[in-house]
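Once you've had a glance at the structure underneath, I'll fire off some questions.
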Amino acid sequence: LEETPEGQFFATGFAFPGRNEQEAFRREFDYSLRGHTSRLAGYKSNNEDLLAQAVREVLGVPRDRLSDEEAIALALDPARNRLHGETLNLSTLSKLSRTLHHPGYTFRKKLSHTADSQNQRHRLTPGSRPVLLAHLADTPDYIVPTLVRQETAIEKMYRETMERTWDAIRKLRGMGEPPEFIAYLLPNAASVRFTESADLLNLHHKLAMRLCYNAQEEIWKASQDEAAQIMEVNPRIGQHLGAPCHLRYRAHTTPFCPEGDRYCGVRVWRQHVPNMRRLI
């Protein structure tokens, strides 16, 4: 750790943030989310133009022959680009699909340690994770699963467990234990705050996988947030985002659900992403 740039930063006179600074940072970050699990923090201002022009370049046709709407549909609409309806991710094997590398989006998000571990499996949508020890404050900082909140007694036990965990963290800190040892007490529910950026090609695949109702709860909610916000700022792109069954439905690929015995039992392929609802 001492040899990393961030280690050098703390080693050259800048102490780890104090308790008040940690609390202030957490409040500031959480306020910036405006109630989202994942909030759009930035995007290329000409995403749709970039994508449409790249499609015309691949095909060698001028704008008056192929409009922006038609060009974007050729790359993204599963009815036109049926690779989006395949079980495997074949997008990098198509010249048209590779145009999706050019649009880009950045999201600020807050997940539990468990959900972030799932999130990191998507190596091509990288994020800047925190120096966790700099976030380790004395007050409980964790995510409560939606299902836990459905039953008062279970939620009470869950929160009491978290309080006991942070009691132990405070005791160890008072005993002078190093922060890297204290961090071992952090539960899987501990909050992780970070920023993540991705090009549309890799984000499209991630959203398809994680908008499935079988996805982990928080990463599903983050993906719904992201798809819905893309629909707002880039509607010609956003209208083509959805769960695997939705893409397969539009590509006329059967069965629509690729999960076999794990089919959730809901016709998600007929649902508009912002209107999707799930408990578990």
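Grab the DSSP H runs of the chain that are 4 residues or longer, score each as -39,500 (n - 2.57), total them, divide by all residues and round the 222 nm result to the nearest 500 deg cm²/dmol. Working shown, then result.
Values: 12 runs with 120 residues, N = 280.
Taking each H run of at least 4 residues, the total per residue is -12500 deg cm²/dmol.
Given Cβ point charges of +1 (Lys, Arg) and -1 (Asp, Glu) and nothing else, what value in debye, to the nearest 20, does the dipole of the range 6-129 about its Cα centre take? Provide the component values of the computation, followed by the final result.
On the way: 19 positive and 15 negative charges, 63 e Å.
Value, rounded to 20: 300 debye.
Name the residue farthest towards the positive end of the dipole of the range 100-237 from the options Tyr105, Leu186, Ala115, assuming +1 on Cβ of Lys and Arg, -1 on Cβ of Asp and Glu, about the Cα centre.
Tyr105
Relative to a virtual label point 7 Å from the Cα of Ser45 in the Cα→beta-carbon direction, which members of the range 204-228 show backbone nitrogen distances below 16 Å?
No residues fall inside that zone.
Hey, what does the equivalent ellipsoid look like for the range 81-165, semi-axes from the Cα gyration tensor as sqrt of 5 times each eigenvalue, largest first, whole Å? Could the numbers behind the result be given before it?
Details: eigenvalues 291, 68, 18 Å².
Listed largest to smallest, the semi-axes of the range 81-165 are 38, 18, 9 Å.
If you don't mind, there's one more thing I want to ask. Could you tell me which residue out of Ile169, Asn89, Asn47 lies farthest along the dipole of the range 36-171 toward its positive end? Charges go on the beta carbon: Lys and Arg +1, Asp and Glu -1, centred on the Cα centre.
Checking the options against the dipole of the range 36-171, the answer is Ile169.
Let me ask something else. Thinking of the chain as a set of Cα atoms, what percent of all their pairs are more than 24 Å apart? Please list the in-between numbers first.
Numbers: 22304 of 39060 pairs.
That fraction is 57 percent.
What ranking do 243-250, 119-126 get when scored by the average of other Cβ atoms within 10 Å per residue, highest first? Display every interim value, and only then the final one.
Working: 243-250: 25.1, 119-126: 14.9.
Taking the mean over residues of other Cβ atoms within 10 Å, the ranking is 243-250, 119-126.
Is the range 52-118 rounded, prolate or oblate when judged by the Cα gyration tensor, a ≥ b ≥ c being the square roots of its eigenvalues, rounded requiring a/c under 1.5 and prolate requiring a/b larger than b/c?
Numbers: a/c = 3.00, a/b = 1.92, b/c = 1.56.
Note, shape of the range 52-118 comes out prolate.
Which of Pro274, Ile230, Thr253 sits closest to the plus end of the dipole of the range 220-280, meaning its Cα is farthest towards the positive end, when Lys and Arg get +1 and Asp and Glu get -1 on the C-beta?
Thr253
Measure nothing but the geometry: give the 0 to 90° angle between the long axis through the Cα atoms of 47-59 and the longest principal axis through the Cα atoms of the chain, rounded to 10°.
Tilt of helix 47-59: around 40 degrees.
Still on this structure, please answer the following. Would you mind listing how long the range 136-214 runs along its three principal axes, going by Cα atoms, in whole Å with the largest first?
50, 34, 15
On to the next question. Return the Rg/Rh ratio of the range 167-250 with Cα-based radii and a Kirkwood Rh. Could you put the intermediate results ahead of the total?
On the way: Rg = 19.0 Å, Rh = 15.5 Å.
Result for the range 167-250 is an Rg/Rh of 1.22.
Under a point spin-label approximation (7 Å from Cα along Cα-to-Cβ), what is the His113-Arg63 distance to one decimal in nm?
Placing both labels 7 Å along Cα→Cβ, they lie 5.3 nm apart.
What is the packing order of peptides 30-42, 63-75, 257-269, 189-201, taking the mean over residues of other C-beta atoms within 10 Å and listing the highest first?
On the way: 30-42: 15.1, 63-75: 16.6, 257-269: 13.5, 189-201: 20.2.
By packing density, highest mean first, the sequence is 189-201, 63-75, 30-42, 257-269.
I would also like to ask the following. Estimate the FRET efficiency between Arg121 and Lys171 by the formula 1/(1 + (r/R0)^6), using the beta-carbon distance for r and 51 Å for R0, to the nearest 0.05. Intermediate values should be presented prior to the final figure.
Details: r = 35 Å, r/R0 = 0.68.
So, using R0 = 51 Å, E works out to roughly 0.90.
Skip the ligands, DNA and RNA, and give the accessible area per residue of the chain with a 1.4 Å probe, whole Å².
On the way: 15060 Å² over 280 residues.
Counting only protein heavy atoms, the per-residue value for the chain is 54 Å².
Follow-up. Take the Cα gyration tensor of the range 1-154, multiply each eigenvalue by 5, square-root it, and list the three semi-axes largest first, rounded to whole angstrom. Don't skip to the answer; put the middle values down first.
Details: eigenvalues 340, 92, 48 Å².
Square roots of five times the eigenvalues give 41, 21, 15 Å.
In whole angstrom, note down how far apart the Cα centers of the range 153-211 and the range 71-119 are.
Centre-to-centre (Cα) distance: 28 Å.
Quick one: with all protein chains in place, what share of the accessible area of the chain is carbon or sulfur, to the nearest percent (1.4 Å probe)? Please list the in-between numbers first.
Numbers: 7960 of 15060 Å².
Taking all protein chains in place, the chain shows 53 percent carbon and sulfur surface.
Go through 46-54, 228-236 and give me the packing order, highest mean Cβ count within 10 Å leading.
Numbers: 46-54: 19.1, 228-236: 17.2.
My ranking of the peptides, most packed first, is 46-54, 228-236.
The values are calculated or read from the model by the stated rules, or taken from the named source; none is laboratory data. Predicted, not measured: the structure shown is a model, and the values here were computed from it. Counting neighbours? That spans all protein chains shown, and the Cβs are built from the backbone with ideal geometry, glycine included. Heads up: the accessible areas ignore ligands, DNA and RNA and are worked out on the full protein's heavy atoms, side chains in. Shrake-Rupley method; radii C 1.70, N 1.55, O 1.52, S 1.80 Å.
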